[in-house]
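**Q** Before anything else, here's the structure in question.
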């Protein structure tokens with residue numbers, strides 16, 4: 001891949017209609033995916049649930065097979081006209097990562113997005129748009145002892161971050177999104193008082 005960038009979204013266009021049309025195409029793409037409506041990839045990344053949230057504590061471990069990071073959710077708000085925001089945080093756990101890349105703009109000597117896991121801000125994301133990579137890895141790992149399933153399933157994500165600007169991309173088999181405060185998140189979901197940016201809600 002020469003340059004990591006979105007395949008569908010066009011967030012840099014100065015034409016608002018082009019931006020909206022691209023988001024509509026992306027929404028159609030997500031609706032066409034054969035994903036369980038309750039899976040965390042669709043639920044949390046189908047929409048930009050983490051938009052404007054800080055990404056921190058990025059870790060790559062188990063021989064580069066698993067990637068985790070924590071991220072803040074800043075867009076949960078009450079439904080009343082005089083609404084208030086409620087912030088909560090999550091840990092995202094990507095498993096069986098077979099491809100990982102990160103590109104960023106180095107602002108100064110003290111700010112290197114390729115090594116610093118602090119100070120990244122989640123802007124937008126795309127899921128399952130790196131179709132050529134997904135198909136290649138499906139073919140390469142078919143029948144591999146590295147996976148219990150003879151036909152492993154792969155997904156992709158591209159995350160655009162700001163401050164500094166850059167992209168983060170992965171191909172992986174599964175992702176889990178875990179609230180850092182499970183009880184608080186449960187109450188937020190069950191109360192019916194909040195607007196959530198989760199896919200399908």
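The values are calculated or read from the model by the stated rules, or taken from the named source; none is laboratory data. Note that the structure is a prediction, hence the values are computed from the model and not measured. In this analysis, Cβ positions are derived from the backbone assuming ideal geometry, glycine residues included, and neighbour counts consider all displayed protein chains.
**Q** Among 135, 126, which is modelled with pLDDT of 70 or more, closer than 16 Å to residue 7 by Cβ and part of a strand (DSSP E or B)?
**A** On the way: 135 fails: part of a strand (DSSP E or B).
Of the residues listed, the single one that is modelled with pLDDT of 70 or more, closer than 16 Å to residue 7 by Cβ and part of a strand (DSSP E or B) is 126.
**Q** Among 87, 34, which is without any contact (Cβ under 8 Å) to a residue 40 or more places away in the chain and either touching a helix residue (DSSP H, G or I) at 6+ places or on another chain (Cβ under 7 Å) or in a loop (DSSP other than H, G, I, E, B) (or both)? Walk me through how you get there before you give the answer.
**A** Details: 87 fails: either touching a helix residue (DSSP H, G or I) at 6+ places or on another chain (Cβ under 7 Å) or in a loop (DSSP other than H, G, I, E, B) (or both).
Step by step, each of 87, 34 is checked, and only 34 is without any contact (Cβ under 8 Å) to a residue 40 or more places away in the chain and either touching a helix residue (DSSP H, G or I) at 6+ places or on another chain (Cβ under 7 Å) or in a loop (DSSP other than H, G, I, E, B) (or both).
**Q** Which pairs turn up if I take residues in segment 183-201 that are at positive phi and look for partners that are at pLDDT 90 or above with beta carbon separation below 8 Å, at least 6 apart in sequence or on another chain?
**A** 200/42; 200/43; 200/46
**Q** Give segment 155-191 a look and list any residue that's modelled with pLDDT of 90 or more, more than 28 Å from residue 141 (Cα to Cα) and not in a strand (DSSP E or B), or say none.
**A** Matches in segment 155-191: 180, 181, 182, 183, 184, 185, 186, 187, 188, 189, 190, 191.
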